[in-house]
Amino acid sequence: MKVLLNGKTVAAVYDNGTRPTLVNYNVIKEIRDKILQTKTMFNTISGVTESGGKIQIKLQIGEIEDIIEAHVIKNNQFQYD
């Protein structure tokens, strides 16, 4: 699905049963938002992945808009569009 992150259209996968929210580092680099430096390890479908930090970002899906906290993933297997 397509969503807006800080006003930029990006591809996203919505899974309401999943916590936390993950976002690819390359997407954050494109929208030039500040990453809060933290380190967290996650088990994902592509293996164990380390978070490159957290970010608070404005997410819009259709008419619904909210500020979310997401972990930034620096993993080439974690695809984005």
- Test each condition in (1) in contact with a Lys or Arg (Cβ under 8 Å, 6 or more places away or on another chain); (2) surrounded by 10 or more Cβ atoms within 10 Å (Cβ to Cβ) for Leu59 and report the one that comes out false. (1)
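Looking at the structure I just gave you, is Val48 of a type in the set (A, V, I, L, M, F, W, C), surrounded by 15 or more Cβ atoms within 10 Å (Cβ to Cβ) and either modelled with pLDDT under 75 or out of contact with any Cys (no Cβ under 8 Å at 6 or more places or on another chain) (or both)?
No; evaluated as a whole, the condition is false for this residue.
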- Message: What's the total number of residues in segment 26-37 that are free of Cβ contacts under 8 Å to residues at least 24 places away in the same chain and over 21 Å from Met1 (Cα atoms)?
- Response: 4
- If we keep just the residues of segment 1-39 that are at pLDDT 80 or above and assigned to a loop (DSSP other than H, G, I, E, B), which is most open to solvent (accessible area, probe 1.4 Å)? Val13
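The values are calculated or read from the model by the stated rules, or taken from the named source; none is laboratory data. Only a predicted model underlies this, so the values are computations on that prediction, with no experimental measurement involved. Cβ sites come from the backbone with ideal geometry, for glycine too, and all protein chains shown count toward neighbours. Accessible surface areas use protein heavy atoms only, side chains included; no ligands, DNA or RNA. Shrake-Rupley method; radii C 1.70, N 1.55, O 1.52, S 1.80 Å.
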